[in-house]
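Novice: Dropping the structure in here first, questions after.
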Amino acid sequence: MTTALSAHFSAAELEQTAAIGRIEHAQDLKIRAAPRMAKGTIGYATREGVETEEHMLDLERRGRRQFAPLLGRIHAARTIAAAELAATDHGHAWTDSQREATRGLLLSPASVTAIQGHAGTAKTTTVIATYARAAREQGLTVRALAPTATAAELLGQAIDAEPLTVARMLLGQAGDIERGREAWIVDEASMLSARDSEALLSQAREADARVILVGDVRQLGSVEAGRAFGQLQEHGMGTHVLDQIVRQTNTHTREAVEAILAGEAARAFEAIDRGGGRIVDQEDDALRYAAIARDYARLSPADRERTLVLDPTREGRQRLTDAIRAELVRDGTLGAEAIVATTLEPLGLTRAEASDAASYAPGQIVTFRRGSREQRLSRGRAYRVESIDADMGTVSLATPQGKSVAWSPARWGGDQAEAFVEVEQELRTGDRIQFTRNNRRAGRLNGHTASVVGIDPQRSGIIIEREDGKQETLDLSRLADRHIRPGWVRTIHSAQGATADRVMAHLESFRANTVDAPAVYVAISRARDAVALYTDSRASLTEALGLRDGAQIGAIDEVRQEMAVAFAT
């Protein structure tokens, strides 16, 4: 609230209680119910947010009987039987929910249909893969979409389709779209914002395309405003549920996942104690980080490759990375020769922040997805922030040639800008790095990892081996090659959709904004076999998870019309 008011009013006006009334009137803000953890406070929704969500729901509702079913009943039954038989030949039996969900998709007349599947229900390799194959046999072009490049690639591999991020789809980078002959399958749909969901459904309506949304409302939601996947389900979208978990080979780990889903943290932790892994309760921060690093370093190289180390925050990820690397240097995993690289870490500004000159600081690097002749700014070029004038709303940018450009992000480019901060990071042979930005020309995807197999100090570079086995040299003096970070630890949010034999998750009970029921559910459910949880207080974490349900709220959820009554109370 303070941030919103500060953006519109002077310090003197902030002292006046009428200020909130003016901003409410000017922007048509509506009072809404606050999420569970914020009970007793007043929340607000913008008119734009309300209109976006209402239009999104209307698009789905109008398309409920838009198409003839993809297959007839007999053809659908034969298709499912063939898919089941093929899976059995490979040692995988279908569940009843997989069978029913596939039948539901093949027989649906709706333009938008959903698969609501818990983590580890094999929804992609069974239901979605079968639907995609049937759609292609009917002459449809099948597209694999997801909010992130990594998730899109995994989906594309599973259903044999060209991967595409939702952002690129909305930018018109999908190539030719054949009206009435397309099926768009969208994975990790819970991570889509209301704005992007509405835009995607609008685009599908124009293309007369079928949309299959795949996700889990119990996992982490969108970073931007809205909870579109949950809203669509609640308002009647045809949804087929997969609730039989098959990922976990360890019955105790599976019980822990099921208990977290049921909101029973204590039972989940007891299942881990009985054989699903272990829980380390250590109040001292330094000792806890050291324990995680030591336990990881004790794993064999092969076991490390099959282990995910997770922390919910960027700061925790870096601190844990430093601890792990220190252990790996000590045991000789990381080589003696080192290079200090100046890498670029994304600032992750919101749309509003990126359009505000006050969000930038001297020394930061800014690039643009699109250029502007009027602003004298070029696409893809790196500009360094020299100074800012918050009152005038301008940012002084230095070109690579040293010339200054006055940029007004509110007038142009706020929605096209990406801002980065330079971070010095030591790298050694044996290190693991993670790419932090898509570079399709070089074959690198955000979130993918590579191993450092050599140091080239003369060229300020490192020789890496990617996941596909290809080797290349990164020139760390070049902008395009500096979008990397150490890859030993991932945030829980970035790990959604990943699977590993083991998970080691750092969960501090006091982190109210990042350690909640969905985060712990995602962390535990990544593991096929065992999970190790490290916390400052098991008792406090158990209590906190009973309160922090991670509930998001939409602009039209619980909107209250009686503003005068609310303000009076």
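Novice: Give me the percent of the accessible area of the stretch 399-447 that comes from carbon and sulfur atoms, probe 1.4 Å, all protein chains in place.
Specialist: 41
Novice: Please list, by residue number, everything in the stretch 422-466 whose backbone N is under 20 Å from a paramagnetic label point 7 Å out along Cα→Cβ of Arg379.
Specialist: It comes to 437-446, nothing else.
Novice: Now a separate question. Pull up all non-local amide H partners of Ala341: gap of 5 or more, or a different chain, and H-to-H distance under 5 Å with H placed in the peptide plane.
Specialist: Under 5 Å from the amide H of Ala341: Gln425, Glu426, Leu427.
Novice: If you plug each phi of the stretch 490-497 into the Karplus form 6.51 cos²θ - 1.76 cosθ + 1.60 with θ = phi - 60°, what whole-Hz ³J(HN,Hα) values come out, in order, with x for Gly and Pro?
Specialist: 10, 6, 4, 4, 6, 8, 4, x
Novice: Report the percentage of all Cα-Cα pairs in the stretch 306-415 whose separation exceeds 17 Å, rounded to a whole percent.
Specialist: Distances greater than 17 Å cover 64 percent of the Cα pairs.
Novice: For the chain, what log10 I(q)/I(0) values come out of the Debye formula at q = 0.10 1/Å, with one point per alpha carbon and no solvent?
Specialist: -0.99
Novice: With unit charges on the beta carbon (Lys/Arg positive, Asp/Glu negative), name the residue among Ala419, Ala390, Ile433 whose Cα is farthest towards the positive pole of the charge dipole of the stretch 380-447.
Specialist: Selected residue: Ile433.
Novice: Determine the sum of side-chain charges near Glu353: Lys and Arg each +1, Asp and Glu each -1, restricted to other residues whose C-beta is under 14 angstrom from that of Glu353.
Specialist: -3
Novice: Give me the percent of accessible area attributable to carbon and sulfur for the stretch 231-365, probe 1.4 angstrom.
Specialist: 48
Novice: For the chain, what is the percent of antiparallel DSSP beta bridges, rounded to the nearest 5?
Specialist: Within the chain, antiparallel bridges account for around 55 percent of the total.
Novice: With charges set only on the Cβ (+1 for Lys and Arg, -1 for Asp and Glu), what does the dipole of the stretch 262-347 come to about its Cα centre, in debye to the nearest 20?
Specialist: Dipole size: approximately 220 debye.
Novice: Are there any trypsin sites (Lys or Arg not before Pro) in the stretch 210-306 that are in a DSSP loop and have at most 16 other Cβ atoms within 10 Å? List them by number.
Specialist: Sites meeting the loop and neighbour criteria: Arg298, Arg306.
Novice: Moving to a separate point now. Taking the solvent-accessible surface of protein heavy atoms with a 1.4 Å probe, what is the per residue accessible area of the chain in Å²?
Specialist: Result: 47 Å² of accessible area for each residue.
Novice: Okay, moving on. Through the Karplus equation 6.51 cos²θ - 1.76 cosθ + 1.60, θ set to phi - 60°, convert the phi angles of the stretch 43-57 into ³J(HN,Hα) values in whole Hz; use x for Gly and Pro.
Specialist: Per residue, the Karplus-derived 3J(HN,Hα) values read x, 9, 10, 7, 4, 4, x, 4, 5, 4, 5, 5, 5, 4, 5 Hz.
Novice: Treating the beta-carbon of each Lys and Arg as +1 and of each Asp and Glu as -1, no other charges, what is the dipole magnitude of the stretch 212-324 about its Cα centre, to the nearest 20 debye?
Specialist: Taking the Cα centre of the stretch 212-324 as origin, the dipole is about 340 debye.
Novice: Go through the stretch 126-189 and name the trypsin sites (Lys or Arg not before Pro) that are in a DSSP coil and have 15 or fewer other Cβ atoms within 10 Å of their Cβ.
Specialist: Arg179, Arg181
Novice: Counting only protein heavy atoms, what percent of the accessible surface of the stretch 490-559 is carbon or sulfur at a 1.4 Å probe?
Specialist: The value for the stretch 490-559 is 46 percent carbon and sulfur by accessible area.
Novice: Longest span of the chain, sites excluded, free of GluC sites (Glu not before Pro) in DSSP loop with at most 15 other C-beta atoms within 10 Å?
Specialist: The reported range is 16-177.
Novice: Among Ala290, Gly363, Thr333, which residue has its Cα furthest toward the positive end of the charge dipole of the stretch 232-382, with +1 on Lys/Arg Cβ and -1 on Asp/Glu Cβ?
Specialist: Gly363
Novice: Label Leu299 and Leu171 with points 7 Å out from Cα along Cα→Cβ: what is the distance between them in nm?
Specialist: Those two pseudo-labels are separated by 3.4 nm.
Novice: A follow-up question, please. Label-point separation (nm) for Val223 and Ser387, each offset 7 Å from Cα along Cα-to-Cβ?
Specialist: Distance between label points: 3.2 nm.
Novice: Amide H neighbours of Asn439 under 5 Å, counting only residues 5+ apart in sequence or on other chains, H built in-plane at 1.01 Å?
Specialist: Those lying under 5 Å, H to H, from Asn439 are Arg444, Leu445, Asn446.
Novice: Hey, what do the phi angles of the stretch 370-380 turn into as Karplus ³J(HN,Hα) couplings, whole Hz, using 6.51/-1.76/1.60 and θ = phi - 60°, x for Gly and Pro?
Specialist: With the stated coefficients, the stretch 370-380 comes to 9, x, 9, 5, 4, 7, 6, 10, 10, 5, x Hz.
Novice: How large is the dipole of the chain about the Cα centre if only Lys and Arg carry +1 and Asp and Glu carry -1, each at its Cβ, rounded to the nearest 20 debye?
Specialist: Using only the charged Cβ atoms, the result is roughly 1300 debye.
Novice: If you don't mind, another one. Quick one: which residues, 5+ away or cross-chain, put their amide H under 5 Å from the amide H of Val142? H built at 1.01 Å from N.
Specialist: Answer set, sorted by chain and number: Ala183.
Novice: In whole Å, how far is the Cα centre of the stretch 112-182 from that of the stretch 230-305?
Specialist: Here the answer is 28 Å between Cα centres.
Novice: I would also like to ask the following. If the chain between Asp331 and Arg411 were fully stretched, how many nm would it gain, using 0.36 nm times the residue separation less the Cα-Cα distance?
Specialist: The span from Asp331 to Arg411 would gain 23.4 nm if fully extended.
The values are calculated or read from the model by the stated rules, or taken from the named source; none is laboratory data. All values reported here derive from a predicted model rather than from experimental measurement. No Cβ is skipped: glycine too gets one built from the backbone with ideal geometry, and neighbour counts run over all protein chains shown. These accessible areas exclude ligands, DNA and RNA; they are computed on the full protein's heavy atoms, side chains included. Shrake-Rupley method; radii C 1.70, N 1.55, O 1.52, S 1.80 Å.
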